[in-house]
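Single-structure report; data block below.
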Amino acid sequence: MPALSPSPTVRTFTPGAASRAPVGIFDSGLGGLSVLRAVRAQLPDEAILYVADSLYAPYGERDDDFITDRTLAIGQWLVEQGAKALVVACNTATAQSIALVREKLPIPLVGVEPGVKPAALQSKTRVAGVLATQVTLRSARFQALLERYAADCRFLCQPGHGLVQAVERCDVGSAELRALLHGYLQPMLDAGADTLVLGCTHYPFLDAAIRDIVGDRLMLIDTSVAIARQLERVLDQHGLRAARDSANTVAPRFYSTGDGTHQQQLAATLLHLEAAVERVRIVSPRTAASDSQAA
């Protein structure tokens, strides 16, 4: 992992430039599209650059240094594209790397984290389930959340093995997916859980499949709206908010380190956005050898 260096000088924008500069949104793959959906609803005048690191997804199966390496490289790439703020729309990347990446980049960052706090506040049975990647669940950041908010609430933490991969291939309702979800959710129901934390930005796209299994027995906690509101606060705090001009709303621009086919399909199916996906090569120290072989 790169050594920490002094915090960089925060980038400043000339008057009017903040309105035109885009917000960068990054995920290991397609899950961050759920955050993009919320950001567009909350901040419709903001231009958005969305990067999916699909070539190396899912991050939940990667080691911590690899996740930090990729998060920093993609953040730097977005800065080079003119991004005025960065949303790390990936629970795994936030949990493992956001502190270091925030030290390295000259723009404000917004991370994501599982909705442990709202679940603890809203659960009536005082039992809640958490679906997240194994990396997120084992992270110090997540463990700190549990210690902080779960004193009187029992959290049943379930690694969602296979769920990210399903969303990445645009499978949000197959029989195989439903069987996988049933195996994860039934023990929570049996234990008396009444709340389910969707601890990965991919998982909101499985909302319908989850509802088919649990009905109204579990309240789903999706933090994408809270993330969008936090981005709004950060932009206002730094004077970076876009001017209100809905007539000139710019469609998001999509990039992928993979071929982008599933990203385009998911954006069309779930977000009703017909947009091209540009393939980009973003080199980082941990992937330099494989990137050069693929070039």
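Below are the figures for this structure:
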{"item": "Charged-residue dipole, Cβ positions (Lys, Arg, Asp, Glu), the range 26-135 about Cα centre, Debye nearest 20", "result": "540 debye"}
{"item": "Residue among 151, 93, 52 with the largest mean-square fluctuation in a Gaussian network model of the chain, springs linking Cα atoms under 10 Å", "result": "151"}
{"item": "Size of charge dipole - the range 116-222 - debye, nearest 20, with Cβ of Lys, Arg +1 and Asp, Glu -1, no other charges", "result": "340 debye"}
{"item": "For residue 17, net neighbour charge (Lys/Arg +1, Asp/Glu -1) across residues whose Cβ lies under 13 Å away", "result": "+4"}
{"item": "Gyration tensor (Cα) of the range 72-155, equivalent ellipsoid semi-axes in angstrom", "result": "30, 12, 10"}
{"item": "Cα long-axis angle, helix 91-104 against the chain (0 to 90 degrees, to the nearest 10)", "result": "30 degrees"}
{"item": "Cα-projected label distance for residue 269 with residue 152, points at 7 Å along beta-carbon direction, nm", "result": "4.3 nm"}
{"item": "Highest-MSF residue in the chain out of 216, 259, 194 [GNM, Cα springs under 10 Å]", "result": "216"}
{"item": "Computed magnitude of the charge dipole of the chain (debye, nearest 20; Cβ of K, R +1, Cβ of D, E -1)", "result": "620 debye"}
{"item": "Highest-first arrangement of 220-233, 106-119, where packing means the average Cβ count within 10 Å", "result": "106-119, 220-233"}
{"item": "0 to 90° range, to nearest 10: angle between helix 140-149 axis and the chain longest Cα axis", "result": "60 degrees"}
{"item": "Among 192, 287, 223 the positive-end extreme of the charge dipole of the chain (Cβ point charges)", "result": "223"}
{"item": "Cα lying deepest toward the dipole's positive end in the chain, options 271, 183, 21, charges on Cβ", "result": "21"}
{"item": "Environment charge at residue 198 (Cβ cut-off 13 Å; Lys +1, Arg +1, Asp -1, Glu -1)", "result": "-2"}
{"item": "Whether the range 116-222 is rounded, prolate or oblate, judged on the alpha carbon gyration tensor where a/c under 1.5 counts as rounded", "result": "oblate"}
{"item": "Rounded to 10°, Cα long-axis angle of helix 175-190 versus longest principal axis of the chain", "result": "60 degrees"}
{"item": "Candidate lysines - alpha carbon under 25 Å from residue 84, same-chain residues fewer than 8 apart omitted", "result": "104"}
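FYI, it's all coordinate maths here, none of it is from the lab. Keep in mind that this is a model prediction, so the values were computed, not measured. Cβ coordinates were reconstructed from backbone atoms using ideal geometry, including for glycine residues, and neighbour counts include every protein chain displayed.
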